[in-house]
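First up is the structure itself, then whatever we jot down about it.
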There are 2 protein chains.
Amino acid sequence: MTFTEVDERLVNTIRTLAADIVAKSKSGHPGAPMGMAPMASVLFNRVMNFNPANPNWLNRDRFVLSNGHACALQYILLHLYGYNYSIEDLKTFRQLNSKCPGHPEAELEGVEVTTGPLGQGIVNAVGLAIAERHMAATFNRPGYELINNYTYCFVGDGCLMEGVASEGMALAGHLQLGKLIAFYDDNHITIDGDTDVAFTEDVEARVKAYGWHTLHVKNGDSDLNGILAAIEEAKSTPDMPTLIRVTTTIGYGSVNAGTHGVHGSPLKPDDIAQLKTKFGFDPNEKFVVPTEVTDYTAKKIKAGAEAEAQWNNLFEKYSKEYSKEASELIRRCNKKLPAGWEKALPVYSPKDDAVASRKLSETVLTKLYDVLPELIGGSADLTGSNLTRPNQAIDFQPPNLKIGEWAGRYVRYGVREHSMGAVMNGISAYGGLIPYGGTFLNFVSYAAGAVRLSALSGHQVIWVATHDSIGLGEDGPTHQPIETLAHFRAVPNLMVWRPADGNETSAAYKVALETQHTPSLLALSRQNLPQLEGSSIEKASKGGYVLHDVENPSLIIASTGSEVGIVVDAAKLLESQGHRVRVVSMPDFYTFDNQSPEYQLSVFPDGVPAMSVEVQSAFGWSKYTHEHFNLDHFGVSAPYDQVYAALEFTPEGVAKRALKTIEYYKSSKPASRVKHAFTHLVQTGPGPFSTRERGAK
Amino acid sequence: MTFTEVDERLVNTIRTLAADIVAKSKSGHPGAPMGMAPMASVLFNRVMNFNPANPNWLNRDRFVLSNGHACALQYILLHLYGYNYSIEDLKTFRQLNSKCPGHPEAELEGVEVTTGPLGQGIVNAVGLAIAERHMAATFNRPGYELINNYTYCFVGDGCLMEGVASEGMALAGHLQLGKLIAFYDDNHITIDGDTDVAFTEDVEARVKAYGWHTLHVKNGDSDLNGILAAIEEAKSTPDMPTLIRVTTTIGYGSVNAGTHGVHGSPLKPDDIAQLKTKFGFDPNEKFVVPTEVTDYTAKKIKAGAEAEAQWNNLFEKYSKEYSKEASELIRRCNKKLPAGWEKALPVYSPKDDAVASRKLSETVLTKLYDVLPELIGGSADLTGSNLTRPNQAIDFQPPNLKIGEWAGRYVRYGVREHSMGAVMNGISAYGGLIPYGGTFLNFVSYAAGAVRLSALSGHQVIWVATHDSIGLGEDGPTHQPIETLAHFRAVPNLMVWRPADGNETSAAYKVALETQHTPSLLALSRQNLPQLEGSSIEKASKGGYVLHDVENPSLIIASTGSEVGIVVDAAKLLESQGHRVRVVSMPDFYTFDNQSPEYQLSVFPDGVPAMSVEVQSAFGWSKYTHEHFNLDHFGVSAPYDQVYAALEFTPEGVAKRALKTIEYYKSSKPASRVKHAFTHLVQTGPGPFSTRERGAK
């Protein structure tokens, strides 16, 4: 099928719309959409399978705009191809309450993942492609290729400079993700000007070294045949992802085309006028989609509806022949956990052995692994330390490597924390899967960019973050988190669990798995922790609760994780001296903050001083407690019990500070910290500021 | 010079010591030190210039152990080559108060940078090599090659998988850092087992694509000649950094050599015995350094002392011929700022125009640029947004690119935030330079791993973090930091400035530049900010101060940055309604926390309710304020004034919450939040837990 004038018209419609959109909003990036219009038009019009009437069709091809600042392009495509984006919507680009925000957000129709932070999108695409391989291997049956979609991704120079992209692309090469096809918008321009100032590597050679197939379209501004031929050639190597380098002119058509001047600010009115004239558009009209273009894209829209209808027929037949698989697929895509799954969660009593919470986590994962086949785990090369791999697991690997299979559910991420986070976001976005990944808590910080996008996008992703404190001992301060809990507790829509024992570990997984649009980070100990009197899955599921109580307490000590057991012993010591101490366990601030004010006040009542004990920064604790026994400095390398002793995180050390607190508040009854003069800062229900609804499209 | 038996003896001494050290401490990594012993012995004995009697000799070759978990190797080398590490010190490996902690720490004698978090060290090495090129170009004169050291770095598979390493190595290739020579310990083993499970790329091809020279020593276990020849060949390409891939056997000599079993746990006693027998050592003796080895290394130690003596002669002559340059070099290496430098800091009065604090920062940098030639700046491809490049700046680039010069002081980092942080740590570690680097505040999070190492190591590094809030507007929630200030405020030994106007911006730079062993992050606005009545450099330098006061206030409103001006207007509004409001500006929590308790209490006195106003997470504010008007959700894409209005961060919105606070505390006088039952958690003076002294060796 050859390209004709209408294809060129389509390309230039995209270009003129991009110029109009950014000019109208006086904000945004016109250059990249104009440069990428040819590849976008070929991809959407000739190659991609999608049905705008059902943007969530399971087997649709996925499209990720990794250079998310070019999102005017994406909104234009969504408009042209029949998604629920009107011309009026395009006119609201980057304005309050717009459907077309400054960067693509996952909760929008037709947008797979939230992009903009550079490097993330291409790695989300790797995750989407992993999910496709895995779901295909799990659910396809002879004669029923239910799942076989491609993942397409546009990346720019910025993405390719980011380390997270290097990590993720290296993983994709190793995993032989042949259905991942990325287009590199090689336009030689970044914000600082020409790429010659900082980015002079041989990108194709580098990506080839990762095990990718690379191709080059030299004239990406008009060689539509070349672009289509490259896509076809990309599909000829099913064992290799492909990078198609498409050399383009940023802002093609503008008088400043090819310069950094068209990157991040609107084109001038007379520039837009000459551009329209040059492309055969009326310079006085704005936001024009010529009828022949509408007619043309309508054919593709119709073809998409037919494609899904055919697929639905296939699925109907599959449902008859493989009814169990079909209903399982539906269950998983609907994010319904199997009835009674939670009965598999282990329950402990104080008689049980002291066990490290990383080990307790392993037990949970092992018990849930067969019950929840949607769990797909992994580790950033710390499997034996994170204990993330149940014995029965099979690695997710290309079958030809003979060390795993596509249906395997354990991903060897390599020492690539940031891309593990971004891959998990992609897996979550695909649907039907709940990813978890392990590393040391301290190194989740390497992935901070991906973690905040999990939270912003509402991806149900679980971080198994072991070695969660100075309790890791000998590895020392480079590996001992101090600020890390505070960092992640401050992220909206993110649970940060730090369970104190077996029941709390089960509770952490229970809430993490039941909460569909909130990611979780589980901070787990290297060292053994006793099973506590008074803990239960139910109580811990409230995020904070009274673990040990007395009548009329003179002090509350609140703590988390490995310090709770120490606090319980301190309380006993204090009680033996005639003091009355309540012990509160606070495994997750986020979940506790979502309890009713009455419940929160029942845990931290008025008039009782409260003291926190946690071997990390006190930062943030003062919202619950008046006094703090925490760390305001980095840790030290030594066996963990010696570190705790040196820092006085012992029952005696806690009791010493508890006594000072009791003494200090002897004559005053402090108000509870959980009571406030005002609580609702501003309406944050459904709407642009809602986080609760994120991911729930 | 050929290698003889004593060289082999030296190699095996290192191997047996590594086995002994880890076995004695029952913790650590014996395998990599044993595998890297040959390359280490060739490098230290035959190649590197250093003088153990003066570990801080300016022109010493730098050595970075990027795979820091192999640090037993480094401590052994420091012992063998005459640094202040005794055999007894080696026996305390990974124990409390040891000179030989679990990973190398920069404050230790002979250790250039803190390593362990994978990928950081190789990029620190890039920074060290940048610093060398720059200092050489700045201070060398005809006949006086004062500065011409090499930077050597050992990296493992783990480092090479990390994205930060990819970023930094790409930059090093672009910058043609020919005096950077890295050794890749190609041992095929990581924690998850064989690298075949996740790391199958062609490392040499990838690194060559960055513009590096690559070499391969196939038998790194015993081919000492091959290693030496490779180093010599590496030096033959002065325009390219070199990666020498050295194929080794992890745990060479152990019965489990070449397996993951020798990676992270001690060898068994009988394994150590057979190893010693095999290498001709007495299996019953431990921690043995044969006399012939001591005699051999003594020659190198002597040669090092002579090398420095020669250099000192050269410097003495230089001092006579170039006395100004010599005293400037001494001043800079001693970290003494030039007298009166602070007079260049701009001062503002309320009559001056409203200006964005990123622009105020540009003015400071422009005024200081000639006064402080030790400033070496850059941006992660956001120069025009961060405003980090003074007009008079010249780019730091290889001269043959014709776009800058080695003496240039502006680094084009590319879109590589994480490596920018790690490079800045390396530049700081070199000495004589104070690096600063720009990106959006939200993307400093990409560099969290490097930022915490700045703080842990006490590097004086300045982050120019612009677009610091929802105030960036249209780019939307993907770019609007919410948790970011809380995250970095929780890091020990890190200043997080968020200046409210011109005087506060000058104060932030003043304190950042005067504080030698604490990094700073400057959070700066995109939008214009008024010059405030009551601000001054002196007051703001306390980190928090009363900006606007009244007698007997009924409310304190504390705020930072762009919200302070809004709060001042809210205070006026409230005063017009008969309320008495004190406004506190809190540009840096860290600096405020270091003021006397009396001063802190004078700002936040007992009995007056305090409310915070800041357009980020409230997390952490409760240590100062009772009530909080902050954000507990992500932002939104829209013009910034509309975002502020929608979220009610307006004088009226602040006043509304202020009134609720005044009403709520009408009948109770809350205690000041800065008073505590106990303050000193544990002794943190000089010693392993001290952070104040970090970097001050």
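How high is the relative contact order of chain B? Use alpha-carbon pairs under 8 Å, at least six apart in sequence, and give a whole percent.
Working: 1537 pairs, mean separation 81.6, N = 697.
With pairs under 8 Å counted, the relative contact order is 12 percent.
Sorted shortest first, the separations between the A:Arg331 label point and its copies elsewhere in the assembly read 7.5 nm; each point sits 7 Å from Cα along the Cα-to-Cβ line.
Taking the fewest neighbouring Cβ atoms within 10 Å as the starting point, the ordered list for A:Arg358, A:Arg489 is A:Arg358, A:Arg489.
With a cut-off of 12 Å between beta carbons, the residues surrounding B:Val42 carry a summed charge of -2, where Lys and Arg count +1 and Asp and Glu -1.
For the protein assembly as shown, what log10 I(q)/I(0) values come out of the Debye formula at q = 0.04, 0.06, 0.07, 0.09 1/Å, with one point per alpha carbon and no solvent? At q = 0.04, 0.06, 0.07, 0.09 Å⁻¹ the computed log10 ratios are -0.22, -0.52, -0.72, -1.25.
Grab the DSSP H runs of chain A that are 4 residues or longer, score each as -39,500 (n - 2.57), total them, divide by all residues and round the 222 nm result to the nearest 500 deg cm²/dmol. Can you show the working numbers first?
Numbers: 25 runs with 271 residues, N = 697.
Dividing the helical sum by the residues of chain A leaves -11500 deg cm²/dmol.
Treating only the Cβ of Lys, Arg, Asp and Glu as charged (+1, +1, -1, -1), what charge dipole size does the protein assembly as shown show about its Cα centre? Round to the nearest 20 debye. Walk me through the intermediate numbers first.
Working: 126 positive and 154 negative charges, 321 e Å.
My answer is approximately 1540 debye.
For A:Lys402, the point set 7 Å out from Cα toward Cβ sits 5.6 nm from its twins in the other copies, listed from shortest up.
For A:Thr190, the residues whose amide H sits under 5 Å from its own are A:Thr195, ignoring neighbours fewer than 5 places away on the same chain, with H placed 1.01 Å from N. Counting lysine pairs in the stretch B:281-365 whose alpha carbons fall under 30 angstrom apart, excluding pairs fewer than 8 residues apart on the same chain, gives 21. Using the Karplus relation 6.51 cos²θ - 1.76 cosθ + 1.60 with θ = phi - 60°, the per-residue 3J(HN,Hα) values for the stretch A:328-336 come to 5, 4, 5, 4, 5, 5, 7, 6, 9 Hz, with x marking Gly and Pro.
For the stretch B:264-386, what does the alpha-carbon gyration tensor say about shape, rounded, prolate or oblate, given a ≥ b ≥ c as the root eigenvalues, a/c under 1.5 as rounded, and a/b over b/c as prolate? Judged from the Cα gyration tensor, the stretch B:264-386 comes out oblate (a/c at least 1.5, b/c at or above a/b).
Taking other C-beta atoms within 10 angstrom as a stand-in for reagent exposure, B:Tyr296, B:Tyr446 fall in the order B:Tyr296, B:Tyr446, fewest first. Computed about its Cα centre, the charge dipole of the stretch A:182-245 is approximately 280 debye, with only Lys, Arg, Asp and Glu carrying charge at their Cβ. Selection among A:Val111, B:Leu485, B:Gln176 by position relative to the dipole of the protein assembly as shown gives B:Leu485 as farthest towards the positive end (Cβ unit charges, Cα centre). Before anything else, pin down the relative contact order of the stretch A:5-307: Cα pairs under 8 Å, at least 6 apart, normalised by residue count, whole percent. Worked out over the stretch A:5-307, it gives 25 percent. Where Lys and Arg each count +1 and Asp and Glu each count -1, what net charge lies around A:Val643 among other residues with Cβ under 14 Å from its Cβ? Net charge around A:Val643: -4. Our summary of shape: the Cα atoms of the stretch B:325-412 have principal axis extents of 46, 32, 17 Å, ordered from largest down, in whole angstrom. Counting only residues at least eight positions apart within a chain, or on another chain, the aspartates and glutamates with an alpha carbon under 12 Å from that of A:Lys510 are A:Glu342, A:Glu538.
When the Kirkwood radius is taken over all Cα pairs of the stretch A:5-307, what Stokes-Einstein diffusion coefficient follows at 20 °C and 1.002 mPa s, in µm²/s?
Working: Rh = 19.2 Å.
Using the Kirkwood radius from Cα pairs, D works out to 112 µm²/s.
Computed on the Cα trace of chain A, the radius of gyration divided by the Kirkwood hydrodynamic radius gives Rg/Rh = 1.02.
Fewest Cβ neighbours within 10 Å first, please rank B:Tyr430, A:Tyr369 accordingly. Show your work: numbers first, answer last.
Values: B:Tyr430 25, A:Tyr369 19.
The most exposed by this proxy come first: A:Tyr369, B:Tyr430.
Note that the stretch B:275-282 has calculated 3J(HN,Hα) couplings of 4, 5, 4, 4, 8, x, 9, 6 Hz, one per residue in order, obtained from phi through the Karplus relation 6.51 cos²θ - 1.76 cosθ + 1.60 (θ = phi - 60°); glycine and proline are x. Label point of B:Lys317 (7 Å along Cα→beta-carbon): distances to the other copies' equivalent points are 8.9 nm, sorted ascending. The GluC sites (Glu not before Pro) of the stretch B:149-252 include none that DSSP puts in a loop with a beta carbon having at most 10 other beta carbons within 10 Å.
Considering only the stretch A:341-529, what is the antiparallel percent among its DSSP beta bridges, to the nearest 5? Let's see the in-between values first.
Numbers: 2 of 22 bridges.
Among the beta bridges of the stretch A:341-529, antiparallel pairing accounts for roughly 10 percent.
At q = 0.18 Å⁻¹, what is the base-10 log of I(q)/I(0) for the stretch A:543-664 according to the Debye formula with one equal point scatterer per Cα and no solvent? Please give it to two decimals. Here the Debye-derived log intensity ratios amount to -0.91. Each 10 Å bin from zero holds the following percent of Cα-Cα pairs in the stretch B:341-529: 10, 40, 38, 12, 1.
3J(HN,Hα) along the stretch A:79-95: 5, 5, 9, x, 6, 7, 10, 8, 4, 4, 4, 4, 6, 9, 2, 6, 9 Hz, from the Karplus curve 6.51 cos²θ - 1.76 cosθ + 1.60 with θ = phi - 60°, whole Hz, x for Gly and Pro.
Stokes-Einstein D for the stretch B:1-147 at 25 °C, 0.890 mPa s, Kirkwood Rh over Cα pairs, in µm²/s?
Values: Rh = 16.1 Å.
For the chosen part, D equals 152 µm²/s.
In debye, nearest 20: dipole of chain B around its Cα centre with unit charges on the Cβ of K, R (+) and D, E (-)? All intermediate terms of the calculation are to be shown ahead of the outcome.
Working: 63 positive and 77 negative charges, 244 e Å.
Roughly 1180 debye, rounded to the nearest 20.
Looking at the protein assembly as shown, send over the antiparallel percent of its DSSP beta bridges, to the nearest 5. Before the final figure, lay out the partial values.
Values: 16 of 120 bridges.
The antiparallel proportion sits near 15 percent.
With the contact rule set at Cα under 8 Å and sequence spacing of 6 or more, what percent relative contact order holds for the stretch A:94-169?
Numbers: 74 pairs, mean separation 22.9, N = 76.
Relative contact order, the stretch A:94-169: 30 percent.
Database remark: amide H of A:Ser379 closer than 5 angstrom to the amide H of A:Val411, A:Tyr413, A:Gly438 (H placed geometrically; neighbours at sequence offset of 5 or more, or on other chains; Pro and chain starts carry no H).
On the basis of the beta-carbon distance and an R0 of 51 Å, A:Ser602 and A:Lys324 show a calculated FRET efficiency of 0.65. Of all chain B C-beta atoms, the nearest to the rotation axis linking B with A is recorded, alongside its rounded Å distance, as B:Gly163, 1. Peptides B:389-401, B:84-96 ranked from most to least packed, by the mean per-residue count of other Cβ atoms within 10 Å: B:84-96, B:389-401.
Quick one: net charge around B:Leu441, please, counting Lys, Arg +1 and Asp, Glu -1 for every other residue with C-beta under 15 Å from its C-beta.
Details: positive: A:Arg452, B:Arg358, B:Arg489, B:Arg498, B:Arg526; negative: B:Glu417, B:Asp468, B:Asp475, B:Glu483, B:Glu563, B:Asp588, B:Glu614.
Neighbour charge sum, excluding B:Leu441 itself: -2.
Remark on the stretch A:425-544: hydrodynamic radius 14.7 angstrom, per the Kirkwood mean of 1/r across alpha carbon pairs.
Looking only at chain B, where both bridge partners belong to it, what percent of the DSSP beta bridges are antiparallel (to the nearest 5)? Before the final figure, lay out the partial values.
Numbers: 8 of 60 bridges.
Bridges in chain B are about 15 percent antiparallel.
Each reported figure results from applying straightforward, stated rules to the coordinates on display, with no laboratory input. Here the structure is a predicted model, which is why all the values come from computation and not from measurement. Because the Cβ atoms are built from the backbone with ideal geometry, glycine has one as well, and the counts that use them run over all protein chains shown.
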